[in-house]
Structure formats: structure tokens, C-alpha cells
Amino acid sequence: MARYDFDLFTIGGGSGGVAASRRAGSHGARVALCEDRDLGGTCVHRGCVPKKLLVYGSHFHEEFQDAAGYGWTVPEPTFDWGKLLAAKEQELKRLGGVYARLLRDSGVTVVEGRGRLVDAHTVEVAGKQYTAERILVATGSRPYLPADVAGIEHAVTSDDALSFAQVPKRLAIVGGGYIGVELACIFHGLGSKVTLIIRGSSVLSGFDGDVRSFLTEELRKKGIELQVDTFVRDIEKRGDGVSLLTRAGETVEADAVLYATGRLPNTGGLGLEEVGVTLDARGAVAVNEWSRTSVESIFAVGDVTDRINLTPVAIAEGRALAETLYNNNPMKMDHTNVASAVFSQPPVSCVGLTELEARERYGKVDVYVASFKPMKHTLSGRNERTMMKLVVERASGRVLGCHMVGADAPEIIQGLAVAVKCGVTKAVLDSTVGIHPTAAEEFVTMRDRRPDPEERLAAELGHDAGATTGSR
């Protein structure tokens, strides 16, 4: 008789948990998975999928406007938020069913309810205990609301915003990360007057400096109001709306305030520390390169580990774990050169190092930047531009980073991510024939290197760069 009820018990039915469980089940392991909300987790129900559907929906207002430049006469369009929400919910319901079927077809037992660790080999769900040789924690993350802001109970999070009862006429968004920026663009596109309140001078902290400044200007051009270098001191309920007071003493009136100030690993109430699992200062599960925790039989993947918090990363971590444990195929997740995207309007995408990271790590780098009006807008008349950037190691010519702000950026960078992963050099890009006319061809036609800061300074002083900075 088997010593345990299951070979693997997974807590959490999001992207990472489902990927690991399916793969383990397909290799013959006896697997159970518990989930207390919806199969598919945040990505399917409160993140990537509904967000992208709303991005599509919100962008149509610009498409209607742009059509006039191409000879189309479009009647004044109207928008039905309820119809879009209903269509979105129908699609999410379909995807939830797909996840359930995939698990079932892999032989995974699904247990409804929130799991809690009893010991290193036991999980309790809804009062019933299940034993397993190994346990996988894949509970994801949750929105963070700062407790030091008076009246924070009047704010909503991204979980709520994707299902507003109606589109707010005035929406204040606090936080300039990817969630705040994406939601600002969505609701601006749907007709809200959006005020984006950020701590720094530009959005998307952690991204390349040129990307940040370029997108910040594009958002302003679209009509999104940015209040920079500021904090919210308190929030007051005012009738059907809210009033925000900033630390600079300014007041922002809105129908709703949405906080997008980050996410935290969802580890509360799981019994992790009680059974000896080490958590870091943010509450993330500490794991090694094999996704193993400080307890030998317990593993963790996805956002709950706070490594790279992206759905494809969680899936790759889960699959690597299943291959290692149940297919005699040891695999470690490679967290280098992972491409990412921000579905702002215009969108952002990048792979590899920022210019600052590259300079700190490699010293001398060459930087190539191009900015132009997309061909579409030569007739539409829209004042929107695209920016592309390459960061290249000077000694080897290897491309260290590719960055783009503009239409189709995620689609374009996905292909370049393969090249960067393979160690592509600038010379290889230069020798590649572009597809014309496309925006993507700019990445293989950039020839003019941007001068380094010391070179620019030397030029401004009227001196030879070589004489002031040394031979290059």
C-alpha cells in the first residue's frame, strides 16, 4: 500500500500550480490540487486575460478616430460597459472550464477549498487532511494596500477595477507601475478622466530610463493627468466619490480611487512558518534553484516566491519542477533574459538589461536609439511616436538589451527575445535584412551610436573625446 495519499499535493490552482500538476500527472504521478477561488488563478480571472481584453476594448475609440484619415466616415460611436463585462466574464468562464478539463485529463484530483499545511507531508482542506510525499505551494500574490494612508478603506484594487459596476467619470490611480499604467490607459480609453499619482518623476520604475521618460510623455499627450513626485496623505469619502489629499497639500476629486502600489506574496494563513518553511522579509517563500524550500518535501513556484512575477515564468518553473521530480529529467528555470511587456497604450516591451544595468555590469556599452512616427499615423494624424533602443556590450558586440515603446512592441520583442537568448550580436542584426515597411525593421537598421555621457560633455566643451576620456 502507498505510504501517502498522493505523490504531489499542490496548493493553488493558478498558472504555476496547474502547469506543475498537469505535467506531473502526465508522467504518472498521483497528484491532487486545491483551489479556493477559480482555476486559472489571478492571470485568468483578475489579471492578464481580462486586462488584455479590456485593453482591446478601450483602444477602439482611437481606431474610430484614426479611420477618418483613411477615408472612412464613422458615425459617433457609443460604448456599453455592461456588454463588454458580460463578454469578458463569458470568456473567463470558458477558460476556467478549459483548466478543469486539462487537469482532469492529466489525472489530477481537484479539491475545492483553501489548503493549509499541517506538517511536512499533510495538507488540510475544508476540515479534511490529505497526505503527500511532496507538497507544492503555488498560491501567487495579492494586491497591496498601504496601511499608513488614512482612509485607505475607501480605495479599490486591480481585482475590483476589472469589474467596476460602471466606468468612473473621474478615476484617480495611485501607483506608476505596470498595473497602474495599464489601468490608466484602459479607463482613459473608455472615457474616464484619469489622474495618475506617482512617487517618482516618471512611470515604470525599474524599466530603462529612456522607456520611462518616453512613455510618460506619451501618456501626457493622450490626456492622462500625471501628478509626479507626490504621495497621498489621506482619502475621504465625499458623497458618491472620494477626495484625495496629497502630501503637497493638493486635492484630487474622483468618483473612485484605485491603488496599484504593488503586490505581496500570498502566504498568510498557510501554516508555512509553523512547519519550518523560511519566508523572506516580504513574506515570499525562500527557495533554491530547484524551487525547493527549507523543508525538503515542500516546494514553491510562481509569484509566491517573488522571483520574476510573470505568468510564463510561473508556468516554466512548474514544468521544470515536474520534469525534475517525476520524469528523471533535472531542469532548472533560467531566469536570465526573460522578456516582459506592459500593455499600456502605446505598449512597452523589453528583454535583457537596461542601459544602467548594462553599464554597471559591463562598463563600456554602445547604445542605439531610434524614435519615429509610425507609418499608420502619417495619415491618421495622431501625435503618437515609437521608440526603440538597443544596448550592446562594446567589447564583444553582444546585444544586452532590447527595448521598445510603440504599437506591437510585445509581438516584436518576443522574436528578439529568442535572438538575445541565443547571444545575438549587433553585427548579426546589422546583417539581417528587414521586412519593409514595418516598424520592426528599425531594430536591424539602427547604425548611429549615441555618444556616451563623457563624449557628449567633451563635445560640448569643444574638446576631442579621445583627449579627454582616453582612447576607445
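Got a number for residues in region 99-153 being in contact with a His (Cβ under 9 Å, 6 or more places away or on another chain) and under 30 Å from L244 (Cα atoms)?
So the count comes out to 0.
Does E411 satisfy being among the charged types (D, E, K, R), outside the structural domain of K52 (by TED's automatic domain parsing), over 24 Å from P451 (Cα atoms) and not in a strand (DSSP E or B)?
yes
Taking only region 41-66 into account, find how many residues are touching a residue at least 12 places away in the same chain (Cβ under 8 Å) and farther than 27 Å from P312 by Cα.
The number of residues fulfilling the criteria is 6.
Just wondering, is there one or more residues in region 19-31 that are of a type in the set (G, A, S), surrounded by 24 or more Cβ atoms within 10 Å (Cβ to Cβ) and under 18 Å from L270 (Cα atoms)?
No.
From the list K93, K88, which one is within 28 Å of the chain's Cα centre (by Cα), buried (at least 17 other Cβ atoms within 10 Å of the Cβ) and either charged (D, E, K, R) or outside the structural domain of H61 (by TED's automatic domain parsing) (or both)?
K88
Cβ-Cβ distance below 6 Å, separation of 6 or more or different chains: which pairs start in region 236-252 with a residue that is in the same structural domain as I173 (by TED's automatic domain parsing) and end on one that is aromatic (F, W, Y) and not in a strand (DSSP E or B)?
Once the first residue is in the same structural domain as I173 (by TED's automatic domain parsing) and sits in region 236-252, its partners that are aromatic (F, W, Y) and not in a strand (DSSP E or B) give R247/F231.
Within region 355-401, count every residue that is closer than 25 Å to W72 by Cβ, among the basic types (K, R) and crowded, with 17+ Cβ neighbours inside 10 Å.
Number satisfying all stated conditions: 2.
Mind checking which residues of region 176-191 are surrounded by fewer than 24 Cβ atoms within 10 Å (Cβ to Cβ) and not in a helix (DSSP H, G or I)?
Residues satisfying the conditions are G177, L190, G191.
In region 260-280, which residues are more than 22 Å from the chain's Cα centre (by Cα) and under 30 Å from A172 (Cα atoms)?
Within region 260-280, just G268 meets the criteria.
Return the residues of region 271-289 that are surrounded by 22 or more Cβ atoms within 10 Å (Cβ to Cβ) and in a loop (DSSP other than H, G, I, E, B); say none if nothing qualifies.
Within region 271-289, L272, V277, V287 qualify.
Six or more apart or on different chains, Cβ atoms under 8 Å: show the pairs whose first residue is in region 119-130 and closer than 17 Å to D36 by Cα and whose second is at pLDDT below 95 and crowded, with 16+ Cβ neighbours inside 10 Å.
No pair meets every condition.
Can you go through V203, V211, V167 and tell me which one is closer than 20 Å to M404 by Cα and out of contact with any strand residue (DSSP E or B) (no Cβ under 6 Å at 6 or more places or on another chain)?
Sole residue among the options that is closer than 20 Å to M404 by Cα and out of contact with any strand residue (DSSP E or B) (no Cβ under 6 Å at 6 or more places or on another chain): V203.
One line per residue, one yes/no per condition, for (1) of a type in the set (S, T, Y); (2) within 19 Å of the chain's Cα centre (by Cα); (3) part of a helix (DSSP H, G or I):
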{"residue": "G17", "(1), (2), (3)": "no, yes, yes"}
{"residue": "S21", "(1), (2), (3)": "yes, no, yes"}
{"residue": "V44", "(1), (2), (3)": "no, yes, yes"}
{"residue": "L53", "(1), (2), (3)": "no, yes, yes"}
{"residue": "Y56", "(1), (2), (3)": "yes, yes, yes"}
{"residue": "A67", "(1), (2), (3)": "no, no, yes"}
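If we keep just the residues of region 430-444 that are under 15 Å from F372 (Cβ atoms) and free of Cβ contacts under 8 Å to residues at least 40 places away in the same chain, which is surrounded by the fewest Cβ atoms within 10 Å (Cβ to Cβ)?
H436
Could you list, in sequence order, the residues of region 140-169 that are in contact with a Leu (Cβ under 6 Å, 6 or more places away or on another chain) and in a loop (DSSP other than H, G, I, E, B)?
Y144, V167
Kindly state which helices (runs of 4 or more DSSP H) lie completely within region 418-472 and contain at least 1 residues that are modelled with pLDDT under 95 and closer than 13 Å to L390 by Cβ.
Because the criterion is at least 1 residues that are modelled with pLDDT under 95 and closer than 13 Å to L390 by Cβ, no helices (runs of 4 or more DSSP H) in region 418-472 meet it.
The values are calculated or read from the model by the stated rules, or taken from the named source; none is laboratory data. Please read all numbers here as calculations on a predicted model, not as lab measurements. As a convention, Cβ positions derive from the backbone with ideal geometry for all residues, glycine included, and neighbour counts pool all protein chains shown.
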